[in-house]
1. Using Cβ counts within 10 Å as a stand-in for footprinting exposure, how do Phe100, Phe86, Phe71 rank, fewest first?
2. Quick one: Debye curve from the C-alpha atoms of the range 74-148, no solvent, what's log10 I(q)/I(0) at q = 0.20, 0.28 Å⁻¹?
3. If R0 is 35 Å, what FRET efficiency do you get for Leu146 and Tyr36 from their C-beta distance, rounded to 0.05?
4. What does the highest-first list of 74-84, 115-125, 60-70 look like by mean Cβ count within 10 Å?
5. Along the Cα-to-C-beta direction of Ala95, a point sits 7 Å from the Cα; which residues of the range 107-148 have their amide N less than 15 Å from that point?
Amino acid sequence: MFRFFLILLFVVCSSCKYESQKSSQNFGSDSEEKKYDLYEPSEMALHMNVMFDIQKSIKEDIQNGTTPTDFPEEILKIHSAQMSDFKERNQTFEAYSHLFVEKFELIFDSTSQVPLEKRYNDAVKLCLNCHQTECTGPIPRIKKLLIK
């Protein structure tokens, strides 16, 4: 029984030493440089995050009783921001982006008889409609922008 234990101990120690040598060869090598494929968001993806933040801020203002007065020109970059390599501007995107800007401008129209919450929600709903045709991932996040 004692011999069996010694043999087992020797095998375990030997395998640990072998694994240690193997891992040091893989990670300690200067001649082999590892490259990682990291996701880099497109200009449009970054712009969509900016637009989300703008809309979130406007929503908070509306809920606090403040009427937004200055149209954020940053919104207009929707027409020029570079899309991801695997996406392209198509007629659907162009139509939705122009409608969105029109609806978004109405939020800042102080002469409008339409309630502010409705004008704001109409702009957010255009985001949802567009994202239902392309890039559906952010839909749950966009729904959080709606004023209920």
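None of the figures in this text is laboratory data; all of them are computed from the coordinates on show. Worth saying up front: this structure is predicted, and the values here are computed from it rather than measured. Positions of Cβ are generated from backbone atoms using ideal geometry, with glycine treated the same way; all protein chains shown enter the neighbour counts.
1. Ranked by crowding around the Cβ, least crowded first: Phe86, Phe71, Phe100.
2. So the normalised log intensities work out to -0.92, -1.40.
3. Calculated transfer efficiency: 0.40.
4. Descending mean neighbour count gives 115-125, 74-84, 60-70.
5. It comes to 126-127, 129-134, nothing else.
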